[in-house]
1. Taking strands (runs of 3 or more DSSP E) that fall entirely within chain A, which contain at least 2 residues that are within 25 Å of B:Ser94 (Cβ to Cβ) and within 12 Å of chain B (Cβ to nearest Cβ)?
2. Output the residue which, of all residues in region B:92-109 that are β-branched (Val, Ile, Thr) and not in a loop (DSSP other than H, G, I, E, B), is farthest from the other protein chains (Cβ to nearest Cβ).
3. Considering (1) under 21 Å from A:Cys89 (Cβ atoms); (2) open to solvent by 40 Å² or more (accessible area, probe 1.4 Å); (3) modelled with pLDDT of 90 or more; (4) polar (S, T, N, Q), say which one B:Ser58 fails and leave the rest.
4. In the list B:Val89, B:Val74, which residue meets the criterion of being of a type in the set (A, V, I, L, M, F, W, C), in contact (Cβ under 8 Å) with a residue 12 or more places away in the chain, more than 12 Å from every other protein chain (Cβ to nearest Cβ) and open to solvent by 20 Å² or more (accessible area, probe 1.4 Å)?
5. Given the criteria more than 24 Å from B:Leu111 (Cα to Cα) and hydrophobic (A, V, I, L, M, F, W, C), does B:Ala67 qualify?
6. Only one of B:Ser53, B:Ser27, B:Ser38 is of a type in the set (Ser, Thr, Tyr) and touching a strand residue (DSSP E or B) at 6+ places or on another chain (Cβ under 6 Å). Can you tell me which?
7. Quickly run through region B:19-35 and pick out the residues that are away from chain A (no Cβ under 11 Å) and either touching a Phe, Trp or Tyr at 6+ places or on another chain (Cβ under 7 Å) or not hydroxyl-bearing (Ser, Thr, Tyr) (or both).
Amino acid sequence: ELKVEQNPLFLSMQEGKNYTIYCNYSTTSDRLYWYRQDPGKSLESLFVLLSNGAVKQEGRLMASLDTKARLSTLHITAAVHDLSATYFCAVDTVQGDNDMRFGAGTRLTVKP
Amino acid sequence: GAGVSQSPSNKVTEKGKDVELRCDPISGHTALYWYRQSLGQGLEFLIYFQGNSAPDKSGLPSDRFSAERTGGSVSTLTIQRTQQEDSAVYLCASSSLDTQYFGPGTRLTVL
């Protein structure tokens, strides 16, 4: 059974600092997704990583994928308060099947 | 264009009652998913429909839960004889290629 683990589960950081969220998964997959969820809201797609070595950046967020290590990272650069949210990674269970499993989420709080 | 819609947005029911939750996916999306999210928790996969294939029901927590998708479009998640532990936000998502688009969810409260 595919397991997806994120760490940390809770992250409190100050504005201007950098930090990385990690997502490990247990079986072979070459598709990984990152989502953002604001309190009381639904999930918003951030990144889709489709191959080993894929790197995508949007603003202060950068995501990467290492399929050999079964690891994805979401790096936050110079955090701002607006980034406060819960971030989820998700992995396809079968290549191209679009059947995904989610990590538990990382609740990020950025303090002034 | 219209996104994924779900109804009702909130449902309060008494223990033991049956409830039906509805999901309207984005038009043309062949894949549809149901997830459950308890307060402060991650997403728990429930069921997955892909085109005309048999659904993946491996995430349904008990036989009180069932779902159907009519005509490859609208889906209904039914929970029979609801229990208090069924209280959660039920999220529906649809996709055509690489990205799942989520609906706003239905918040179910079982008293």
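1. Counting at least 2 such residues, we get A:4-7, A:32-37, A:43-49, A:85-92, A:100-102.
2. Step one: of region B:92-109, the residues β-branched (Val, Ile, Thr) are B:99, B:106, B:109.
From what's left, not in a loop (DSSP other than H, G, I, E, B): B:106, B:109.
Numbers: B:Thr106: 11, B:Thr109: 14 Å.
Looking at residues that are β-branched (Val, Ile, Thr) and not in a loop (DSSP other than H, G, I, E, B), I get B:Thr109.
3. (3)
4. Answer to the selection: B:Val74.
5. It is false that B:Ala67 is more than 24 Å from B:Leu111 (Cα to Cα) and hydrophobic (A, V, I, L, M, F, W, C).
6. B:Ser38
7. B:Val19, B:Glu20, B:Leu21, B:Arg22, B:Cys23, B:Asp24, B:Pro25, B:Ile26, B:Gly28, B:Trp34
Each row is one residue, and each column tells you yes or no for (1) open to solvent by 30 Å² or more (accessible area, probe 1.4 Å); (2) farther than 22 Å from B:Phe102 by Cβ.
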site: A:Leu9; (1), (2): yes, no
site: A:Met13; (1), (2): no, yes
site: A:Tyr25; (1), (2): no, no
site: A:Arg31; (1), (2): yes, no
site: A:Pro39; (1), (2): yes, no
site: A:Glu58; (1), (2): yes, no
site: A:Ala79; (1), (2): no, yes
site: A:Ala85; (1), (2): no, no
site: A:Val110; (1), (2): no, yes
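The values are calculated or read from the model by the stated rules, or taken from the named source; none is laboratory data. Given the structure is predicted, the values throughout are model-derived calculations rather than measurements. Using ideal geometry, Cβ is built from the backbone for each residue, glycine included, and neighbour counts are taken over all protein chains shown. Protein only, heavy atoms only, side chains kept; ligands, DNA and RNA dropped before computing areas. Shrake-Rupley method; radii C 1.70, N 1.55, O 1.52, S 1.80 Å.
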